[in-house]
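Accompanying notes for the structure given below.
A short reminder: the numbers here are calculations on the coordinates, not readings from a lab. Predicted, not measured: the structure shown is a model, and the values here were computed from it. For neighbour counting, all protein chains shown are included, and Cβ atoms are generated from backbone atoms with ideal geometry for every residue, glycine included.
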Amino acid sequence: MSLKALKANRLIDGEAVWLTEAGGWSDRVSAARTEGDAEGHATLEQIGVQATADSLVVNAELIDVEFRDGAPVPTKLKERIRALGPTVRLDLGKQSEPKSRLQEVA
Amino acid sequence: MYRYDEFDAQLVQERVAQFRGQVARRVAGEMTEDEFKPLRLMNGLYLQIHAYMLRVAIPYGTFNAPQMRKLAHIARVYDKGYGHFTTRQNIQYNWITLEQTPDILEELASVEMHAIQTSGNCIRNTTADPYAGAAVDEHEDPRIWAEIIRQWSSFHPEFSFLPRKFKIAVTGAENDRAAVRVHDIGLVIVRNDAGEVGFKVMVGGGQGRTPMIAKTIREFVPKDNLLSYLEAVLRVYNMLGRRDNKYKARIKILVHEVGVEEVTRLVEAEWEAMKQETSVDLPAEERDRIAAYFAPPAFEVLADTDTGFEARKFEDRDFRHWVRTNVKPHRQAGYAIVDISLKPTGGIPGDITADQMDAVADIAEAYAVDSEIRATYQQNLVLPHVRLQDLSAVYDRLVEVGLATGNIGLAGDIIACPGLDYCDLANARSIPVSQAISERFADLNRQYDIGPLEIKISGCINACGHHHVGHIGILGVDRKGEEHYQLTLGGRADDAAAIGKITGPGFSADGIVDAVETVVETYLTLRLDPAERFIDTLERLGFQPFKERLYGAKAA
Amino acid sequence: MALIKNGTQVSDQWITADDDTPVQADIPTIVSYKRFLAERETLVRSRAELGVKVSPGEDVTALERDLARLQVIALDFPKFTDGRSYSAARILRQRLGFEGEIRATGDVLRDQYLFMQRAGFDSYEVNDGVEARQWLDAVREFSHYYQPAPNGTSAVWARRHAHLAAAAE
């Protein structure tokens, strides 16, 4: 069973966010809650449906992740781009923010 | 160009207020995303990978310096300091928030702009010749009709929930620069035997998953009946277009499935019946009112040549090269059309910074008649009316801001969609491939030697990068999680429009750049002489020699 | 379900009958298009007030000879994104001259009221709790239109030239 996290875009500003352990939404995939079994995936999916119904987020979807250096990282290119920013503009998106900020939200 | 009167201004203003209300109701949870999404799309607002994306309409690609300054202002204040000119003559911003969108629309309305129907299953921004009103080969200015179509199609009570999007293009020139044959409706301004002006109507062209070249359904529609004829086509499409499968919902599939004769018959019957009803055709006063905005500007009476211009061409090789590719003859003596390339070597096709936008606005204000600017579907800009004597100054100013790349129509002038770097629909990245090809052909002298060549790249089958009609087309696909690129050859979007054919097995991200170079080198060894263009050599010799070089003699 | 007509909430005098429910003379009844065509002879001779419910894909011109007999034509929106009933409404009003009630049924939402009104609809079956006030707000969002419409609104060009004519006097 693959390891998954729940990604979405925040309704109000479209920011890419991931569901956290605490039940909030972080703009860092490193803070994402991960689930490795069917029951956990179903829970994540259910939270996504509810958060969508509550007009907090849109496009909620499970994504494949793996742990690297102790934090979840998306395995697919599209989701890595979502987590970092455009590969052609390294000065933009989450990848452009200072490392300290990355650690702080993780 | 067209200017809003009090009615247009109020309509756009009311549209802003309407959308502000819709956003408020959405944020308050009074509307679901399923209910809201078609509404926001009809205002050009997408949700992409990183944020919302707003596509702002530049109707038929015509705008001016104050509008460009406003676009720069929006890029700075509401986005990240840049914008992206699209293959539909529009501009889009990549880092937009939902809550600020009504304010952006308000800003746009203040300069007579909007984002109305830049997406959604409705009639989209009409494409027109970017050289309209300036080109030597023009019979009649297509923008008059594009504006008439803009007004008629805005908030249309019958055609706002079509099976799928609907794109119309108009050209009034000998040479098609609006890709009319790959639009849902392509209109060509023609004269009939009696000398009357009207439209040849082509239907069912398009790109995407099932690319098709439009078929002619009427050789001549009198211009005064254009709108009722369009209503007849749209009604047939609205009633009969497929709604069971979004990939089969465009009018091209209807034309393909029921046949062009049957579609023609249905349209004619509908049009005939409409003639008994309240007409949607414009009265002559209104047509003339709109046409007056597109009357030729007050050109100065000038000589055919300018000595300063000629002298600089003689002395300055870079300037001479830029003129060769980026300056086109103008119908008015002493004037020229200036193409501004948004394809610097290694750059992102169509991207422009807010500072560059302001610079273009300044240049247009100083040197372009009525400060007019055009956007092209090739993702470049045009100053349609510049005096020959000012070309030198325009060039110098463009050089200062990095917008003087002399590569229009050449290998470096690549069309690319945003691809997987931004777009939620994409399967592969487009921009890095275009950058790598651009770098590979960085030597302008090599590009001049190669001559006219259209390379077009899409990051998914929706074909926003027009790969089907590229001389060399590249389609990015996802193959087991890896980016993979299919190569097509022989597409073209002009009067001899054709859909490119796949050469064979696809290539990796690195491999595709080599493959493009192989194709180009093959052409260089096979062409009869430097005057034979890539597309001509390909059409003369067929695919075989290119496939042999790409895949080896056996595979071919 | 609530019914909004002429800008006010009204009680619905009509029932929409299943295809196997007999039509009663004293109850205004809306029947399906298929049933109407199948039982036309009987239905048009019945004393009941009659309406027909037309789904997208069904051809309203087949009702032409009976339009004077029909008080209501309900045009359905299975999903609000299915726009075929807009064409049907315009054909009924502009081509066939239908003067009875054209009712929007199905997925009838606030942000489409104005399109519907302009295409020729004059009554709206909406969810309970939707107030006439919201309908009124929705149809007043624009002051001008670029197209003439069967609901009698003139196109902006008619206003433009009336205005120019007035200014010239």
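Note on C:Phe115, B:Phe220, A:Phe67: ascending count of other Cβ atoms within 10 Å places them as A:Phe67, B:Phe220, C:Phe115, the fewest first.
Separation of region A:84-99 from region C:87-105 is 55 Å, based on Cα centroids. Note: relative contact order over chain C, using C-alpha pairs below 8 Å and six or more positions apart, is 20 percent.
Plainly put, the protein assembly as shown has a radius of gyration that is 0.98 times its Kirkwood radius, both from alpha-carbon atoms, as the Rg/Rh ratio. Summing Lys, Arg as +1 and Asp, Glu as -1, what charge do residues with Cβ under 9 Å from the Cβ of B:Glu174 carry, B:Glu174 excluded? For residues surrounding B:Glu174, the net value is -4. Close amide H pairs (under 5 Å, H built 1.01 Å from N) link B:Asp281 with B:Ser228, residues at least 5 positions away or on another chain.
Separation of region B:518-553 and region C:1-66, taken as the distance between their Cα centroids, equals 67 angstrom. Computed 3J(HN,Hα) for region B:482-487, one whole-Hz value per residue from the Karplus formula 6.51 cos²θ - 1.76 cosθ + 1.60 where θ = phi - 60°, is 10, 6, 9, 10, 8, 10, glycine and proline marked x. Remark on B:Leu410: its backbone amide H falls under 5 Å from those of B:Leu453, a criterion applied only to residues 5 or more positions apart or on other chains, H modelled at 1.01 Å from N. Evaluating 6.51 cos²θ - 1.76 cosθ + 1.60 at θ = phi - 60° for every residue in region B:185-194, the Karplus couplings come out as 10, x, 10, 10, 6, 9, 10, 8, 4, 7 Hz, glycine and proline recorded as x. In chain C, excluding the sites themselves, the longest stretch lacking any of the trypsin sites (Lys or Arg not before Pro) that are in a DSSP loop with at most 15 other Cβ atoms within 10 Å is C:80-139.
For region B:166-301, the alpha carbon positions stretch 57, 36, 27 Å along the principal axes, listed from largest to smallest. Seen against the Cα atoms of chain A and their longest principal axis, helix A:38-53 is set at about 80 degrees. When the charge dipole of chain B is built from unit charges on Cβ atoms (+1 for Lys and Arg, -1 for Asp and Glu) and taken about the Cα centre, the candidate among B:Pro211, B:Thr405, B:Pro66 whose Cα reaches farthest toward its positive end is B:Pro211.
Roughly how tilted is helix C:156-168, in degrees to the nearest 10 and between 0 and 90, from the longest Cα axis of chain C? On a 0 to 90 degree scale, this one is about 40. Counting neighbouring beta carbons within 10 Å and listing from fewest to most, the residues B:Met68, A:Met1, B:Met239 come out as A:Met1, B:Met239, B:Met68. Restricting the calculation to Cα atoms, every distinct pair contributes to the Kirkwood radius of region C:2-68, found to be 12.9 Å. Each Lys or Arg adds one and each Asp or Glu takes one away; over the other residues whose Cβ falls under 11 Å from the Cβ of B:Pro452, this sums to -3.
Pairs spanning more than 22 Å between alpha-carbon atoms, out of B:Lys37/B:Lys165; B:Lys80/B:Lys165; B:Lys343/B:Lys456; B:Lys80/B:Lys456; B:Lys80/B:Lys480; C:Lys5/C:Lys34: B:Lys80/B:Lys165; B:Lys80/B:Lys456; B:Lys80/B:Lys480; C:Lys5/C:Lys34.
By the count of neighbouring beta-carbon atoms within 10 Å, fewest first, B:Phe546, B:Phe36 end up ordered B:Phe36, B:Phe546.
For region B:7-37, GluC sites (Glu not before Pro) meeting the loop criterion (DSSP other than H, G, I, E, B) and having at most 16 other Cβ atoms within 10 Å: B:Glu30. Pairwise alpha-carbon distances in region B:248-322 exceed 17 Å for 75% of all pairs. Over region B:415-551, the alpha carbon radius of gyration divided by the compact-protein estimate 2.2 N^0.38 Å works out to 0.99. Electrostatic bookkeeping for B:Gly402 treats Lys and Arg as +1 and Asp and Glu as -1; over the other residues with beta carbon under 13 Å from its beta carbon, the sum is -2. Measuring from centroid to centroid over Cα atoms, what is the spacing of region B:77-142 and region B:454-470 in Å? Measuring centre to centre over Cα atoms gives 20 Å. Taking 25 °C and 0.890 mPa s as conditions, region B:296-356 diffuses translationally at an estimated 177 µm²/s according to Stokes-Einstein applied to its Kirkwood radius (Cα pairs).
Annotation: amide H-H contacts under 5 Å for B:Thr62 (H modelled 1.01 Å from N, sequence separation of 5 or more, or interchain): B:Ala375.
Among the GluC sites (Glu not before Pro) in region A:1-40, those placed in a DSSP loop whose Cβ has at most 16 other Cβ atoms within 10 Å are A:Glu21.
Can you spot the lysines whose alpha carbon is less than 17 Å from B:Lys200's alpha carbon? Ignore those fewer than 8 places along the same chain. In chain and number order, the partners are B:Lys167, B:Lys215, B:Lys223. Extent along the principal axes, Cα only, for chain B: 62, 59, 58 Å, with the longest axis given first. Using C-alpha pairs below 8 Å separated by at least 6 residues, the relative contact order for chain B is 13 percent. Percent of Cα pairs in chain A per distance bin of 5 Å, from zero to the largest separation: 2, 13, 23, 26, 20, 10, 4, 0. GluC sites (Glu not before Pro) within region C:1-82: which are DSSP loop residues with at most 15 other Cβ atoms inside 10 Å? Sparse-neighbourhood loop GluC sites (Glu not before Pro): C:Glu39.
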